1. Looking only at the range 156-175, which residues are polar (S, T, N, Q) and either modelled with pLDDT under 95 or assigned to a loop (DSSP other than H, G, I, E, B) (or both)?
2. Can you name the residue in the range 228-240 that is within 16 Å of the ligand (Cβ to nearest atom) and without any contact (Cβ under 8 Å) to a residue 40 or more places away in the chain and is also most open to solvent (accessible area, probe 1.4 Å) among such residues?
3. Pull out all pairs, ordered by first then second residue, where Cβ-Cβ is under 9 Å, the residues are six or more apart or on different chains, the first lies in the range 141-152 and is closer than 20 Å to Gly167 by Cα and assigned by TED's automatic domain parsing to the domain that holds Arg17, and the second is open to solvent by less than 40 Å² (accessible area, probe 1.4 Å) and in a helix (DSSP H, G or I).
4. Tell me whether the range 241-255 contains one or more residues that are more than 12 Å from the ligand (Cβ to nearest atom) and closer than 20 Å to Lys121 by Cα.
5. Which of the residues spanning the range 56-89 are over 19 Å from Ser271 (Cα atoms) and either part of a loop (DSSP other than H, G, I, E, B) or open to solvent by 20 Å² or more (accessible area, probe 1.4 Å) (or both)?
6. Please tell me if Thr364 is open to solvent by 30 Å² or more (accessible area, probe 1.4 Å) and either under 27 Å from Asn260 (Cβ atoms) or among the polar types (S, T, N, Q) (or both).
7. State yes or no: is Arg17 surrounded by fewer than 19 Cβ atoms within 10 Å (Cβ to Cβ) and within 19 Å of Gly347 (Cβ to Cβ)?
8. Filter the range 115-155 down to the residues that are within 27 Å of Leu269 (Cβ to Cβ) and in a helix (DSSP H, G or I) and list them by number.
Amino acid sequence: MRIERVELFELRLPLKRAYETSGSRETHQTRVIARVESEGAVGWGESVAPELPWYSGETPKTVWYLLDEIVIPALMAAELHQPEDTERIVAWIREHRMAKATLEMAIWDLFAKRDGRSLSKLLGGTRDRILCGVAIGIQPSIDELLATIRRELSAGYQRVKVKIKPGWDASVAEAIRNEFPDLPFMLDANSAYTLADAPLFQRIDAYTPMMIEQPLAHDDIVDHATLQREIKTPICLDESIHTGDDARKAIELGATRIVNIKAGRVGGLTSARRVHDVCREARVPVWCGGMLEMGIGRAHNVHLASLPNFSLPGDVSASERYFATEIIGEPFTVRADGTMLVPTGPGIGVTVLEKVIRKIAVRTKEYRATRKAPPKTKPRASAAKRAARPSAGRSRAATPRSRR
Ligand code: MG
């Protein structure tokens, strides 16, 4: 398959409620939506880079730059035999995983739709429904936090995750455990602490959270291993895991007992499935993280979370929690038992509201294939390999193109 046409749309939507973590306070989300077309099918992807580079180094602006200048030209010049080829073709690009994932996930959707299969089935998913949890940002007061938790539990969620930061941590865990003696809850620090805070986490052990997510530096696994030896609560890594190899090393070191998988953070669905497989092999459970996705990204998460080792409730929650404007026709809802159904139609299995996207986009750009497809009688099997070579990719990226 050769990609015939790509369109990028930049969407900027207000959040229903501001979302605060230890690293940011966000009131809206800007997302780059990718539409890819080939052989009569259309695939969709959504970037997850936050407004500011507090989570990784990426932002919507860096995503647009990477896609526009490098990723789209490289992929449109390549022959794709399967969705996994995408990752190989852009493997020479260091970092920028959220940018690469935006196109990679659209291409997975494209292949699944062309083949008339659900994305879940194409990935190897085994679940027809996924376990849902909800992530709650830092609140103005403990009372407001407890009221928010009550509201989310009545909506059906099976577990809550609460963001913490220095000064909003042990007292939060204590209040939750006192108010909800049996509630599975977890804490997410987004790298706000150091090893010197080990005594704080030992105090938190008493309130028996399911796990503490990414307490230490975003690029660390060594100190996390040390901390894990000093506390009972399982550590779950998020920011530190970018590849299957990262997961393997963190598990071998004892730095993580649970892994949060986000396709955007690890460069796409191929890499996310590899992290899943590494963890499964090591008997380390995983769950699907969230980045305040709009409908397309949310749909991808639901399909990813249908893989067998996603045995813990993830941060995949109902569409209506975040945005007033929907970009898909069948918003995701949480059932009374705290699960969400995996769509069974082709690809991501939801109707993308293309007219809405075109209407609300604040920036768009279209790319059309200019080179002819290789003749069928004389296959050029080496085309994809050439595109994957670092030298080929770099020279292409550095060459000014006529349409710009
Ligand atoms: Mg996290």
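The values are calculated or read from the model by the stated rules, or taken from the named source; none is laboratory data. Nothing here was measured: the structure is a model prediction, and the numbers come from that model. Cβ: placed from backbone, ideal geometry, glycine included. Neighbour counts: every protein chain shown. With ligands, DNA and RNA removed, areas are computed over all heavy atoms of the protein, side chains included. Shrake-Rupley method; radii C 1.70, N 1.55, O 1.52, S 1.80 Å.
1. Of the residues in the range 156-175, the ones polar (S, T, N, Q) are 158, 171.
Of everything in the range 156-175, just one residue is polar (S, T, N, Q) and either modelled with pLDDT under 95 or assigned to a loop (DSSP other than H, G, I, E, B) (or both), namely Gln158.
2. Kept after step one, since they are within 16 Å of the ligand (Cβ to nearest atom), are these residues of the range 228-240: 233-240.
Of the ones still in play, those that are also without any contact (Cβ under 8 Å) to a residue 40 or more places away in the chain are 233-235, 237, 240.
Values: Thr233: 9, Pro234: 34, Ile235: 0, Leu237: 0, Ser240: 11 Å².
Top of the filtered list is Pro234.
3. none
4. We begin by selecting, within the range 241-255, every residue more than 12 Å from the ligand (Cβ to nearest atom); these are 242-255.
Keeping just the survivors that are closer than 20 Å to Lys121 by Cα gives none.
Within the range 241-255, none of the residues are more than 12 Å from the ligand (Cβ to nearest atom) and closer than 20 Å to Lys121 by Cα.
5. The answer is Thr59, Lys61, Thr62, Tyr65, Glu69, Ile70, Met76, Ala77, Ala78, Glu79.
6. Working: open to solvent by 30 Å² or more (accessible area, probe 1.4 Å): yes; either under 27 Å from Asn260 (Cβ atoms) or among the polar types (S, T, N, Q) (or both): yes.
In short, yes.
7. Details: surrounded by fewer than 19 Cβ atoms within 10 Å (Cβ to Cβ): yes; within 19 Å of Gly347 (Cβ to Cβ): no.
No; evaluated as a whole, the condition is false for this residue.
8. Selection gives Leu119, Ser120, Lys121, Leu122, Leu123.
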